[in-house]
Amino acid sequence: MQPHPKLGMLSLAALPLGVRALSVLTVSPMKFRPIKFRTFILPLALAAGLVLVLGVGLLGGLALRTPLYLLDRGGQSIPEAFQFVPKQSALVASVLARPDRLAQLWDYLADPRQRPTLRTDRERLERAMLAQTGLTYERDLQPWLGEEITVALVTSDLDQDPSNGLAPGYLVALACRDADLARSTLELFWQNRALAGDPLAFEDLGGTRLIYSRASGRSAASSGFPPLATAMVTNRFILVANDPGVLRRALAAAQSVGDNLRTDGRYRLALKTLDSHRIGLLAVNLPQIAQWLHPDPSANAFIHAPWSADRPPLDWGLISLGLQRQGVLTEAAWVVSPGHQLDPHQQVITDWYPLARYLSDSLSLASVGLSLPDLEDHLSPWLDPWLGGSASKGLLTQWVEDKLGSGEASPLWAKVDQRYALGLDLSAKDKPLQGLMVTPSSPGVLAAIDTLEERAQAQGLSGGRLDILGYPTTVWTRLSLRQNVARDSANRPLQVQTEVAGLRAEVGHDQVFATSAELMEQALGVDQRWDGSLAWIEAVEAFPQAGESYVHVDWIALEGYLRQQIPQFRLWETVAKPALKHVQTVTLASYGQTPQVHHAGLFIQLQNP
């Protein structure tokens, strides 16, 4: 079997068209609750990305007879609002659909018994997305909202002064399919703000009217009104920001060719390599994301990494998201930094099943590929910015170096430039990672084994032999003394404690390495349990083309690992919980690369609870 290769009584006419779309406040004139922008914009920014994963929105229209249309055709192919996004923005998420259409599809595919639970999850997500706005999607936004919602992190700090902390600048662009209704909604919002005593400012900029509170930016906190600025552009988009300066930058970018994301060369290069059937796009500026999450430059190895000539950096990416019955399938195009080139290749691993069978479904992470040293490069753009730099290398080496000592993994990794299977257990908390690796014997691998044995002895490890399921196995152990703390022992005698640092066995032509006897026993017992299939192989076969490496991760285990490694993840997880609880597994594929672009895929398998 082979794998298949998301106002007071102001004159209403004075308000720009886009303002009303964002903030229809469902309150009476006698009772007003002002929008707290921070609680609104942050969940909205998160929800824009989550909608792409959970399936909460896309193309409406009378021509759409069933929501299955979204599986076959996708939604709007290109986000038009990218013209307002400055090209240096750190992160841009665009949902190319109306959320109610994706909700219909999610219900259509779900077990009827689970639909009430799904509706409850969507309601929780909506409450997080529109927290303290007084808005509901169905009543206030759906009647006029078009087929695109774009959210951008334009800047990580509005005043570029790190001494007073970070104040990110956000931009939201909402497409309008009913401009008149959108305008009246926006007008009602600013009427209520003015009635509540918020001093408003009006500014004409290139024919576009900006409206914002005079108490904007950092001073808004003391005024009691959260910062907000809006503009309606050509009756097609309502632009919303948490500072008028962000809107000025957005409008200036739209009027300057080459300064906005839509005309940026990296975007155009990446977009033409991706399939047009999609329901969302993500644009990721990797150094900017790393700087936002890790503002201390000394700790940000991603930005200051000493890139070598043979491994140029991938610093920008475009990710296209499409829908399948089993989940969300994405394509990614990672663009190399200016002045660098990649080594072009497009290899396919077609004989990985004999090695993959060693990786049981109990492992949290399973990976197969053509070259283990290249795996770090494949993982780097997905992990490094979020984990603070060199995360992929740390993930791969930690499980060996915790056992054998720092630097001891390098001699082995460098020699595995051939087919491999790698498994990790990410579920253990506050314990060293446990891992398993299998690769065919070769002169380079045998030489690396000799080097490992020499270094193990230098580290004070003892080598021995034992039999596991009939296979002679080399075991490296570390001896230590521990005092007996038994209360009834007056002298508390010392005890010799043995710790297993690593094991190696040869199975036919394959070399098997493990950090625990349990993992080695699972691997060596493969002939007793192998029935020709593994659960994670089904996820690999979801990709439309064969790749050169695959990484499959159990989401529950990965979620726990991210919770430990990324402090901000706990906050995101709280907002995203209604969506994340449907994620079952995450699988990454690397397809190869041209001189400018590395191509990859990501499959998010969803399930109903």
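The values are calculated or read from the model by the stated rules, or taken from the named source; none is laboratory data. Only a predicted model underlies this, so the values are computations on that prediction, with no experimental measurement involved. Here the Cβ is made from the backbone with ideal geometry for all residues, glycine too, and neighbour counts use every protein chain on show.
Has region 417-424 got any residue that is of a type outside the set (S, T, N, Q), within 15 Å of Glu518 (Cα to Cα) and crowded, with 21+ Cβ neighbours inside 10 Å? Checking region 417-424: at least one residue is of a type outside the set (S, T, N, Q), within 15 Å of Glu518 (Cα to Cα) and crowded, with 21+ Cβ neighbours inside 10 Å. Applying the criterion of being of a type outside the set (Phe, Trp, Tyr) and surrounded by fewer than 16 Cβ atoms within 10 Å (Cβ to Cβ) to the residues of region 201-213, the residue that is farthest from Thr150 (Cα to Cα) is Ala201.
Residue count for region 417-443, restricted to those that are in contact with a Leu (Cβ under 8 Å, 6 or more places away or on another chain) and of a type in the set (Gly, Ala, Ser): 3. When Val368 is tested against (1) of a type in the set (A, V, I, L, M, F, W, C); (2) out of contact with any Lys or Arg (no Cβ under 8 Å at 6 or more places or on another chain); (3) assigned by TED's automatic domain parsing to the domain that holds Gly444, exactly one condition is not met: (2). Check whether at least one residue in region 133-141 is at positive phi and surrounded by fewer than 23 Cβ atoms within 10 Å (Cβ to Cβ), and report yes or no. Among the residues of region 133-141, at least one is at positive phi and surrounded by fewer than 23 Cβ atoms within 10 Å (Cβ to Cβ), which makes the answer yes.
A Cβ distance below 6 Å, combined with a sequence gap of six or more or placement on separate chains, defines the contacts here; from region 443-470, residues that are of a type in the set (Gly, Ala, Ser) reach residues that are surrounded by 15 or more Cβ atoms within 10 Å (Cβ to Cβ) and in a helix (DSSP H, G or I) in the pairs Ala448/Pro411; Ala448/Leu412. Quick check on Leu293: is it under 18 Å from Tyr170 (Cα atoms) and at pLDDT 90 or above? The answer is no for Leu293. Kindly establish whether Val496 is at pLDDT below 90, touching a strand residue (DSSP E or B) at 6+ places or on another chain (Cβ under 8 Å) and either outside the structural domain of Leu412 (by TED's automatic domain parsing) or not polar (S, T, N, Q) (or both). For Val496, the condition - at pLDDT below 90, touching a strand residue (DSSP E or B) at 6+ places or on another chain (Cβ under 8 Å) and either outside the structural domain of Leu412 (by TED's automatic domain parsing) or not polar (S, T, N, Q) (or both) - is met. Only one entry in Phe543, Phe513 is under 31 Å from the mean Cα position of the chain (by Cα) and part of a strand (DSSP E or B), namely Phe513. Scanning region 559-608 for residues that are assigned to a loop (DSSP other than H, G, I, E, B) and farther than 21 Å from Ala539 by Cα gives Ile566, Pro567, Gln568, Thr594, Pro595, Gln596. Assessment of region 434-442 against the conditions (in contact with a His (Cβ under 9 Å, 6 or more places away or on another chain) and not β-branched (Val, Ile, Thr)) yields at least one matching residue.
Does region 461-478 contain any residue that is basic (Lys, Arg) and in a helix (DSSP H, G or I)? Scanning region 461-478 turns up no residue that is basic (Lys, Arg) and in a helix (DSSP H, G or I). Among residues belonging to region 251-276 that are of a type outside the set (A, V, I, L, M) and buried (at least 19 other Cβ atoms within 10 Å of the Cβ), point out the one that is farthest from Trp190 (Cα to Cα). Filtering first and then ranking leaves Arg266.
One residue stands out among those in region 315-327 that are within 16 Å of the chain's Cα centre (by Cα), over 14 Å from Ala589 (Cα atoms) and of a type in the set (A, V, I, L, M): the one that is surrounded by the fewest Cβ atoms within 10 Å (Cβ to Cβ), which is Leu318. Checking region 183-200 against the condition returns a match, with at least one residue being assigned by TED's automatic domain parsing to the domain that holds Ala252, of a type in the set (A, V, I, L, M), under 18 Å from Ala241 (Cβ atoms) and surrounded by fewer than 23 Cβ atoms within 10 Å (Cβ to Cβ). Of all residue pairs spaced 6 or more apart or on separate chains, those with beta-carbon atoms under 7 Å, a first member in region 484-511 that is within 20 Å of Leu355 (Cα to Cα) and a second member that is at pLDDT below 75 are Gly502/Lys403; Gly502/Leu404.
Filtering region 426-451 down to residues that are touching a Gly at 6+ places or on another chain (Cβ under 8 Å) and either modelled with pLDDT under 85 or outside the structural domain of Asp402 (by TED's automatic domain parsing) (or both), which residue is nearest to Pro354 (Cα to Cα)? So the residue we want is Leu426.
Contact map, region 87-104: first residue assigned by TED's automatic domain parsing to the domain that holds Leu141 and closer than 17 Å to Ala332 by Cβ, second residue crowded, with 23+ Cβ neighbours inside 10 Å and hydroxyl-bearing (Ser, Thr, Tyr), Cβ cut-off under 6 Å, separation 6 or more or different chains; pairs are Ser94/Thr150. Summed over region 214-250, residues that are surrounded by 21 or more Cβ atoms within 10 Å (Cβ to Cβ) and modelled with pLDDT of 85 or more total 18. Just to be sure, is Asp510 acidic (Asp, Glu) and either crowded, with 20+ Cβ neighbours inside 10 Å or at pLDDT below 80 (or both)? Considered against the rule, which asks whether it is acidic (Asp, Glu) and either crowded, with 20+ Cβ neighbours inside 10 Å or at pLDDT below 80 (or both), Asp510 comes out as no.
On the basis of being buried (at least 20 other Cβ atoms within 10 Å of the Cβ), at pLDDT 85 or above and either outside any strand (DSSP E or B) or not assigned by TED's automatic domain parsing to the domain that holds Ala546 (or both), does Pro385 make the cut? Here the answer is no, as Pro385 does not meet what is asked.
Scanning region 271-290 for residues that are in contact with a Ser or Thr (Cβ under 6 Å, 6 or more places away or on another chain) and either at pLDDT below 90 or among the hydrophobic types (A, V, I, L, M, F, W, C) (or both) turns up Leu274, Ser276, Leu281. Every condition in (1) surrounded by fewer than 21 Cβ atoms within 10 Å (Cβ to Cβ); (2) modelled with pLDDT of 90 or more; (3) aromatic (Phe, Trp, Tyr) holds for Tyr358 except the one numbered (1).
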